[in-house]
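The values are calculated or read from the model by the stated rules, or taken from the named source; none is laboratory data. Values in this document were obtained by computation on a predicted structure and should not be read as measured data. Cβ placement follows ideal geometry from the backbone for every residue including glycine, while neighbour counts extend to all protein chains displayed. In case anyone asks, the SASA skips ligands and DNA or RNA and just uses the protein heavy atoms, side chains included. Shrake-Rupley method; radii C 1.70, N 1.55, O 1.52, S 1.80 Å.
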Amino acid sequence: MIQPRANGTSRRLFGWLWSRYLRRHTGLVLVAFLLMSIEGSMMGAMSYMLKPMFDTVFIEGQSNAIWWVGTAFFLIFLIRAITGISQKVLMTRVAQKTTEAIQKDLLGHLMTLDTLFHQKNPPGYLMARVQSDVAAVSGLWTAIITGAGRDAVALISLFGVALYIDWIWTLIALIGTPFMIAPTLVAQRQVRKNSRKVLEVTGRMS
């Protein structure tokens, strides 16, 4: 069964998943990746437009600027909506196809195991393992592709806008970033420790 525990294991698992299941959907994944990149870049564009909105419209009081600033925000949100919905539809389709293929392979593998294995592992536990493992794999590759596409581009664009506006406060924010990430890493480790207990309870319930 599949139980990713570390970053190295996750990378190997993603490589196996790509070669066995995702490669056949390369076209859809690339299109979704492009749409994610466009969606992420809109975060930088939106943050950049905050400056003329406050400086030109609110502070200087130039009423004529309201039209082009408002139009720019409308286009940004429109592009984000179109690309966001489109990439989610494509990723959901790929996820469903991949999940179906993995479940079929796992079921076929379980059917080849001997009687002793099925005596030690009740059907409810095996059902819970198959469902949870497939969900974990699907969530893993979706998170990797989303992180490499939308989130990475959004972070780069926001970082570029922040450097352009005020590089000193940007460096201060970078120094404080690790202190914000550390609690999240601790919480993730705690969730992973408790996932096995949840799986056993789900197996007994099944």
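Can you work out which of the residues in region 125-136 that are touching a helix residue (DSSP H, G or I) at 6+ places or on another chain (Cβ under 6 Å) and open to solvent by less than 10 Å² (accessible area, probe 1.4 Å) is nearest to LEU90 (Cα to Cα)?
Among them, the one singled out is VAL134.
From the residues in region 1-22 that are of a type in the set (Phe, Trp, Tyr) and in contact with a Phe, Trp or Tyr (Cβ under 8 Å, 6 or more places away or on another chain), which one is modelled with the highest pLDDT?
Ranking the candidates gives TRP18 first.
Tell me, please, whether a residue that is of a type in the set (A, V, I, L, M) and under 28 Å from LYS51 (Cβ atoms) can be found in region 136-153.
yes
For LEU78, only one of the following conditions fails: (1) aliphatic (A, V, I, L, M); (2) open to solvent by less than 100 Å² (accessible area, probe 1.4 Å); (3) under 30 Å from GLN188 (Cβ atoms). What is its number?
Going through the list (1) aliphatic (A, V, I, L, M); (2) open to solvent by less than 100 Å² (accessible area, probe 1.4 Å); (3) under 30 Å from GLN188 (Cβ atoms), LEU78 breaks only (3).
Are there any pairs, at least 6 apart or on different chains, whose C-beta atoms fall under 6 Å, with the first in region 65-76 and basic (Lys, Arg) and the second exposed (fewer than 13 other Cβ atoms within 10 Å of the Cβ), and if so, which?
Close Cβ pairs (under 6 Å, with a partner that is exposed (fewer than 13 other Cβ atoms within 10 Å of the Cβ)) do not exist here.
When both residues are 6+ apart or on different chains and their Cβ atoms are under 8 Å apart, which pairs have a first residue that lies in region 163-177 and is assigned to a helix (DSSP H, G or I), and a second that is among the charged types (D, E, K, R) and at pLDDT 75 or above?
Once the first residue is assigned to a helix (DSSP H, G or I) and sits in region 163-177, its partners that are among the charged types (D, E, K, R) and at pLDDT 75 or above give ILE165/LYS51.
If you check LEU199 against the conditions, is it crowded, with 16+ Cβ neighbours inside 10 Å, closer than 25 Å to GLY15 by Cβ and modelled with pLDDT under 75?
yes
To keep it simple, each residue is scored yes or no on (1) at pLDDT 85 or above; (2) open to solvent by 30 Å² or more (accessible area, probe 1.4 Å); (3) closer than 30 Å to LYS97 by Cα; (4) in a helix (DSSP H, G or I).
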| position | (1), (2), (3), (4) |
| --- | --- |
| ARG24 | yes, yes, yes, yes |
| LEU34 | yes, yes, yes, yes |
| MET46 | yes, yes, no, yes |
| LYS51 | no, yes, no, yes |
| PHE54 | no, yes, no, yes |
| PHE58 | no, yes, no, yes |
| ILE66 | no, yes, no, yes |
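May I ask you to list the residues in region 144-174 that are at pLDDT below 75 and among the aliphatic types (A, V, I, L, M)?
ILE144, ALA148, ILE172, ALA173, LEU174
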